[in-house]
Amino acid sequence: MSNVVVNPYLPKPVIVEKIYIENEAKDLKTFRLSFCNEEDKSSFHYLCGQFAMLSVPGAGESPIGIASSPLDPDYLEFTVKRYPTGVVTTALHGMEEGSRIGVRGPFGNCFPLDEMEGRNVVIIGGGFAMTTLRSTIRYMLNDQNRGRFKNITVVYGARSPGELLYKNELKEWEDRDDMDTYITVDKGDENWKGRVGFVPTVLRQVAPSSENATVLVCGPPIMLKFTMLPLLELGFKPESIITSLERRMSCGIGKCGRCAVGSEYVCKNGPVFSYQRISELSEKLL
Amino acid sequence: MAAHVVRKADLKKFINAVKKKNTFLGPVSRKGDVTLAVVGLDDELVLSYSNFKLPPKTLLFPKNELISTYDDNGMVEVLPSEGEVVIFGIRPCDVLSLLHLDKVFLDEEFVDPYYQERRRNAVVVALACTEPMKTCYCTSVGGSPAGEEGADVLAFDLQDALLFEGCSEKGRAFMKTYADYLQKPTKADLASRNKISSEAPKKITPINVTGLTDKLEEHFESSLWEESAQPCLGCGVCTFTCPTCHCFGLHDEQYGQRGIRMRVHESCMFPSYSLEASGHNPRNANWERMRHRIMHKFHSTVRNFGDIFCVGCGRCIANCPVNLDIRETVAEVLHE
Amino acid sequence: MDRIEQRIREAVKDLFHKDRVDLVIGFREGSLPLKSRPVFVRSEDMADDLVWNAFCRGNLAVYLPKLFPPQPQRDEDKKPYPKIGLVAKGCDARSIIGLIKEHQVHRDNVVIIGTPCLGMVDKEKVEAVMDGDAAAQCTEGENGIFHITGISGTKKSVPGEEIFADSCLECPCPLPEEADVQIEGESRKPAAKKYEQVETFEARSSEERWQYFVDEIATCIRCYACRQACPNCYCNVCFTDQTKPRWNGPGDDLSDLMLFHIGRIFHQAGRCVECDACVHACPMGIDLRLFTRKLGRDVEELFEYVPGRPEEQPPLCVFRMDDNQDFITEP
């Protein structure tokens, strides 16, 4: 009997095509990766909201949300924050274009785009949690998909103007007339002419309708906590409020137990969870 | 294939025949303890033990396993290559633990090729218990001292002989291979065997687990967790000696221009286990980690795999330096 | 033993009554033979749970560092530390003194309930006496004789000296010297010869000693029970767990195992009070105390320092002009 099992622990080799520095502090970089092998590329099918393990031999692996859209044909994009205590993120940030690393995945569940068809979509992002939301927005805005969804509202906030991700794309979104984009910062600078205010505050001001609407909200735990209240006040149902959880991971395939939250594995049953599901899970998450 | 016996006088000949064809692991004396190890030329099989100190999970899921190697050309997997292994002497509770681990590692969505290879190559010859320990409670969690679930062959120590029963295709094939060394059992042999399987369960003090899974969910926020975990040192001995604990991590080690990636057993009882690079730790307090461990054993695995993963071997109770007793915690939860 | 137990209970009740403690850490009955276990007594009514017998192994001082976490900077955020009583044998008390010297515990917040100790039973020795038959019951009778019943029914009676742990037989200080409350009772005599075991070991050849060390350490499963059971191991992040830099690999490689143990043993030099908590916790029965003992002996010889005496400063914190320099060699 031949060993036809695909080894889920073996990363597929990729090349770092381009590195974009996203923020002023230079600790957020977007890596554009392309597969070395054609068969790896053609077998890597992912959906918005999924993640992959970026593998840096010698340093280890890190689970990062996929920031590119599934319809971006030739590459994968990941936006990675460097933590001083993080061995892998520090190694990644030390790399140059042309380096080789590995990718394992795609893992996890995805945003419920099928259920969002025919509905209004509200997307709320905070800080550098915007990555998989950006994947979703790009996917929805693609010509072949835009018609499937009704109104698209985006509220995205960062600590300061320099910390905003995907600055070029934000401009494009603001210019489009088939979506409403509200960019805000906690604190402006001398050049910032846009909105200033915390995301929950701006959300209250924008007050998107909860009628026939799904909300995708991603951000640091504190932002999630303060955004839930206005969302519920605006009438959004807990099962229509969707978020993405993060946990430290090792295997990414639901075996090592590290990312367990109660009986759910964030890597397998998540990372996308509805607020309804999160309230059912015993561990206090928000 | 029906039951067969090997008289003790002929046992060495039989074992030698098996050793010629396979790696043979059995209970031998090492450093004053009975351990499951490769039976060497000078080793005598020891059959007077209750259970091994360490669980057999490390045979299929080693504590330190080479996953892949890498160099400038990329990463290459390194699959196990040990070949067939006959494992003799595992108690039925530990055999049941292997079935539980199968559910995790052989899950169809992502089959673990390392575990799968070792599992395929293992012939599990279980040894039924005659003297359960004070800390045993296998009968309360789906097991039995003479249980055959998961075993390829089930053996009984009849004092003057070993009786073997083939329980699976692999087991029956194994017995067929060594048919020359096996004899038909006498009536007395069979009576002896039946006496063991009927008497042994009576020596076990059972615990109650009815409704435990639901109760655990109900009482997640109870103060009993913090209270009962006060003496816990956070040492992790429970997880390392537990047959079904399987938390692990992947680690790279660099040697100049090349390196290895390995899988290492870890423990959810250690704070660093869930510690994130941002400094946030979802299970910051010791009692939160202990609650997680017990929930995982009796609740999460039931929700995800339909089974309580605890097999009632009692190792966590016997080895805990501060004598924390999972049976008492379970009783407290049920009492809440 | 029973009278000491009663006296402990009364002393603890009195402490609660006089509001001298918020918490008392002691021992209560275990769920298995030959085991007593730690209990956290938080009120006068709980005091009757306390027991005192020859199975009170383990060092209760291990719980102290966590009960004294660092205080916030601002005065208005500071919370008063609890007042903690501890049923302390000689070894526990020496540990508490050590922790006080290292500023991990506040002297004013600890009430040392000095308890006279005759020795603690070693499970391995009991098993040896019973020829491998696990003990179902072990009770102390008159004149220090222990009556053991095996699970097969065999009965044996042995004097305590035959089954007490080695660390107890070599104990220099069975009665705590710095107790706030002294429980009346008989304790064993301090051992005459302290380092006999180390000297016997040192007499062996270098190859033999190395092989012994390797054989013992090779069985280590990196469970860290030794570290967690030790009151002296209170570092927030142990050197072996650090990732930046990674001092030590997590694997089974002999070099990784040895680095952990060598690191831990050297971190114990001059601090280890030989309470045997590490040996008691180790599931693999590794002879840890021999190695810490050897370094303890070296520190005693080089710096005339023995841990556990309140008036002395730890040798690595103090510089004297006449400090021994014999161990500094030419490169």
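The values are calculated or read from the model by the stated rules, or taken from the named source; none is laboratory data. Just so it is clear, the structure is predicted and the values come from calculations on it, not from any experiment. As a convention, Cβ positions derive from the backbone with ideal geometry for all residues, glycine included, and neighbour counts pool all protein chains shown.
Some points to look at:
- C:LEU34 vs. criteria in contact (Cβ under 8 Å) with a residue 24 or more places away in the chain, at positive phi and within 14 Å of chain B (Cβ to nearest Cβ): yes
- Strands (runs of 3 or more DSSP E) wholly inside segment B:68-184 that include at least 3 residues being under 29 Å from B:MET262 (Cβ atoms): B:74-77, B:85-90, B:122-127
- Criterion violated by C:ALA269 - all others in (1) of a type in the set (A, V, I, L, M, F, W, C); (2) assigned to a helix (DSSP H, G or I); (3) in contact with an Asp or Glu (Cβ under 8 Å, 6 or more places away or on another chain); (4) farther than 30 Å from B:ALA318 by Cα satisfied: (2)
- Evaluating C:ASN143 against the criteria (1) not assigned by TED's automatic domain parsing to the domain that holds C:ALA277; (2) not in a helix (DSSP H, G or I) leaves one unmet condition, (2).
For (1) surrounded by 22 or more Cβ atoms within 10 Å (Cβ to Cβ); (2) away from every other protein chain (no Cβ under 11 Å), each residue gets a yes or a no:
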residue	(1), (2)
C:ASP14	no, yes
C:ASP19	no, yes
C:ILE25	yes, no
C:GLU29	no, no
C:PRO38	yes, no
C:ARG42	no, no
C:ASP45	no, yes
C:ASP48	no, yes
C:ASN53	no, yes
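- Yes/no for B:GLU217 being of a type in the set (Asp, Glu), part of a loop (DSSP other than H, G, I, E, B), away from chain C (no Cβ under 14 Å) and over 23 Å from C:ILE151 (Cβ atoms): no
- At least 2 residues being surrounded by fewer than 19 Cβ atoms within 10 Å (Cβ to Cβ) is the threshold, and among the strands (runs of 3 or more DSSP E) wholly inside segment A:1-114 those reaching it are A:12-21.
- Some residue of segment B:50-63 being at the interface with another protein chain (Cβ under 10 Å from one of its Cβ atoms), under 29 Å from B:LYS13 (Cα atoms) and in contact with a Cys (Cβ under 8 Å, 6 or more places away or on another chain): yes
- If the condition is being in contact (Cβ under 8 Å) with a residue 60 or more places away in the chain and either in contact with a His (Cβ under 8 Å, 6 or more places away or on another chain) or among the basic types (Lys, Arg) (or both), then segment A:57-110 contributes A:PRO70, A:ARG100, A:ARG104, A:PRO106.
Residues checked against (1) farther than 30 Å from B:ASN286 by Cβ; (2) away from chain B (no Cβ under 14 Å); (3) touching a helix residue (DSSP H, G or I) at 6+ places or on another chain (Cβ under 9 Å):
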position: C:GLY185; (1), (2), (3): yes, yes, yes
position: C:GLN197; (1), (2), (3): yes, yes, yes
position: C:GLU207; (1), (2), (3): yes, yes, no
position: C:ILE221; (1), (2), (3): no, no, yes
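- Some residue of segment B:298-316 being within 17 Å of A:ARG248 (Cα to Cα) and under 22 Å from the mean Cα position of the chain (by Cα): no
- Count - residues of segment A:258-286 that are facing chain B (nearest Cβ under 10 Å), in a loop (DSSP other than H, G, I, E, B) and surrounded by fewer than 23 Cβ atoms within 10 Å (Cβ to Cβ): 10
- Any hit, segment A:25-38, residues being closer than 30 Å to B:LEU106 by Cβ and more than 11 Å from chain B (Cβ to nearest Cβ): yes
- Scan of segment B:213-240 for residues that are under 22 Å from B:SER97 (Cα atoms) and crowded, with 20+ Cβ neighbours inside 10 Å, ordered by number: B:LEU216, B:GLY236, B:VAL237, B:CYS238, B:THR239, B:PHE240
- In summary, C:LYS123 fulfils each of the numbered conditions (1) within 14 Å of another protein chain (Cβ to nearest Cβ); (2) in contact (Cβ under 8 Å) with a residue 40 or more places away in the chain; (3) surrounded by fewer than 20 Cβ atoms within 10 Å (Cβ to Cβ); (4) of a type in the set (D, E, K, R) with the single exception of condition (3).
- Being more than 7 Å from every other protein chain (Cβ to nearest Cβ), over 22 Å from B:TRP225 (Cβ atoms) and free of Cβ contacts under 8 Å to residues at least 60 places away in the same chain is a description that applies to B:GLY279.
- Residue within segment A:143-162 that is touching a Lys or Arg at 6+ places or on another chain (Cβ under 8 Å), among the small types (Gly, Ala, Ser) and surrounded by 19 or more Cβ atoms within 10 Å (Cβ to Cβ) present: no
- Cβ pairs under 7 Å, 6+ apart, first in segment B:293-318 and more than 13 Å from B:SER97 (Cα to Cα), second in a loop (DSSP other than H, G, I, E, B) and charged (D, E, K, R): B:ILE317/B:ASP325
- Entry remark, segment B:220-240: residues being assigned to a loop (DSSP other than H, G, I, E, B) and either in the same structural domain as B:PHE52 (by TED's automatic domain parsing) or hydrophobic (A, V, I, L, M, F, W, C) (or both) number 5 in total.
- Segment B:244-271, residues that are closer than 14 Å to B:PHE61 by Cβ and more than 9 Å from every other protein chain (Cβ to nearest Cβ): B:THR244
- Per-region count, segment B:38-49, residues away from chain C (no Cβ under 14 Å) and either without any contact (Cβ under 8 Å) to a residue 24 or more places away in the chain or not in a loop (DSSP other than H, G, I, E, B) (or both): 6
- Being closer than 27 Å to B:VAL302 by Cβ and in contact with a helix residue (DSSP H, G or I) (Cβ under 8 Å, 6 or more places away or on another chain) is a property that holds for B:VAL111.
- Just one of the listed residues (C:VAL181, C:VAL158, C:VAL129) is in contact with a Leu (Cβ under 9 Å, 6 or more places away or on another chain) and either closer than 13 Å to C:CYS91 by Cβ or of a type in the set (Val, Ile, Thr) (or both), namely C:VAL181.
- Pair list, Cβ < 6 Å and 6+ apart or interchain, from segment C:236-251 residues that are more than 18 Å from B:GLU276 (Cβ to Cβ) to residues that are of a type in the set (D, E, K, R) and at pLDDT below 85: none
- Test result for C:ASP131, charged (D, E, K, R) and at positive phi: yes
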